[in-house]
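The values are calculated or read from the model by the stated rules, or taken from the named source; none is laboratory data. Treat the numbers as computed from the prediction; the structure is a model and nothing was measured. Cβ placement follows ideal geometry from the backbone for every residue including glycine, while neighbour counts extend to all protein chains displayed. For accessibility, only protein heavy atoms count, side chains too; no ligands or nucleic acids. Shrake-Rupley method; radii C 1.70, N 1.55, O 1.52, S 1.80 Å.
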Amino acid sequence: MEVLRSLGPRKSLWLAVSVLAIITSIPQIYLCYQRGSDWNGGLAYLDADEFPYLAYVNALVDGRPRRADPLTGTDRNEFENLFSIQFLPPYALALTARTFHVSARVMFIVLLPLVTIASALAIFWLFAEVTKDPRLAISGMLAVLCLGTVAALTPWQIVAQAGFGFFPFLRRYQPAFGFPIFFALCVFTWRSLTRRIWWAIPAGLALAALIYSYFFLWTAAVAWLFLILFLWFMRRAEDRQIVLRVA
């Protein structure tokens, strides 16, 4: 933190973001270092759930249908499944992989630092909008990303339990892809209430993206939206028309 204080807000922000991107990339860097010339494009997994997610992206890259199920290996399913409903992240990754002629594994490797950077900037933006203090916003961003897991666990789990991820938001592609979108939604909503009403349009688009990205993120977003609009409506009588228009 002393280093951040000695730098300007902009340099401090990018230093903090760069350090976070390096820290979250350590598993992949270590794998490449350990394997050396035998790396062969191997992917460092952060969570066991990443195996079926990668399999589904691979299926889309290979041109298999949206309802393909990586858990059963079947393509022509009559009903939607967990993967086909939350189609926005895998299609974004698969189409990018096709465009640049790279594998799904490469997309998963690249996604890790990109999500870290995007999440850090989105959270910083939210804190900066609310507090108007760039240095406090940087501190808040670091606290959310680095201490969020600690806040979700009991002291006993932190000391005794092994095997939990320190950065669970980086599990690819869920919830990694939608995580920064959630905080962008918060920023857009705040701006629509405090600045100009048209910020509700990107807020709505962000919510739509979350709905087709990850169940737990869009339901949390809806709950947050309901709460913030309800409290704003009840506590700020002069803004009630604005709240209704945002809603």
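Can you give me the % of accessible surface on the range 170-247 that is carbon or sulfur? Probe 1.4 Å, all protein chains present, nothing else counted. Working shown, then result.
On the way: 2920 of 4190 Å².
Carbon plus sulfur share of accessible area: 70 percent.
Ignoring any ligand, DNA or RNA, what whole percent of the accessible area of the range 12-141 comes from carbon and sulfur when the probe is 1.4 angstrom? Mind dumping the intermediate values first?
On the way: 4500 of 6930 Å².
Looking at the range 12-141 in its full context, I get 65 percent from C and S.
With the other protein chains left in place, how much accessible area per residue, in square angstrom, belongs to the chain at a 1.4 angstrom probe?
Details: 14070 Å² over 247 residues.
Roughly 57 Å² per residue, with all protein chains present.
Select from the range 140-229 those chymotrypsin sites (Phe, Trp or Tyr not before Pro) which occupy a DSSP coil region and have at most 16 other Cβ atoms within 10 Å, ordered by residue number. The partial results should precede the final answer.
On the way: sites: Trp156, Phe164, Phe166, Phe169, Tyr173, Phe177, Phe182, Phe183, Phe188, Trp190, Trp198, Trp199, Tyr212, Tyr214, Phe215, Phe216, Trp218, Trp224, Phe226; in loops: Phe164, Phe166, Tyr173, Phe177, Tyr212, Tyr214.
The qualifying sites are Phe164, Phe166, Tyr212.
Sort Arg191, Arg98 by accessible area with a 1.4 Å probe, largest first.
Ranked list, largest accessible area first: Arg98, Arg191.
Which of the DSSP-defined H helices in the chain satisfy a minimum axial length of 24 Å, computed from C-alpha atoms, and a minimum mean Kyte-Doolittle hydropathy of 0.0?
Numbers: long enough: 104-131 (39 Å, 2.00); 134-152 (26 Å, 1.65); 215-235 (30 Å, 1.96).
Qualifying helices, which must be both long enough and hydrophobic enough, are 104-131, 134-152, 215-235.
Within 10 Å, at most 15 other Cβ atoms, and a DSSP state outside H, G, I, E, B define an exposed site. Report the longest part of the chain free of exposed GluC sites (Glu not before Pro).
On the way: sites that count: Glu78, Glu80.
Looking at the chain, 81-247 is the longest stretch - no exposed GluC sites (Glu not before Pro) with at most 15 other Cβ atoms within 10 Å.
Among Ala200, Ala48, Ala208, determine the one that fluctuates most according to a GNM of the chain built with springs between C-alpha atoms less than 10 Å apart.
Judging by the Gaussian network model, the answer is Ala48.
Roughly how many debye, to the nearest 20, is the charge dipole of the chain about its Cα centre, given +1 on each Lys and Arg Cβ, -1 on each Asp and Glu Cβ, and no other charges? Provide the component values of the computation, followed by the final result.
Details: 21 positive and 14 negative charges, 172 e Å.
Here the chain has a charge dipole of around 820 debye.
Which label belongs to the value computed from this structure, given these candidates for Cα extents along the principal axes in Å: (1) 61, 52, 41; (2) 122, 39, 24; (3) 59, 44, 38?
Only one listed value fits the structure, namely (1).
Please go through the range 103-155 and write out the trypsin sites (Lys or Arg not before Pro) that DSSP classes as loop and that have at most 15 other C-beta atoms within 10 Å.
Here the sparse-neighbourhood loop sites are Lys132.
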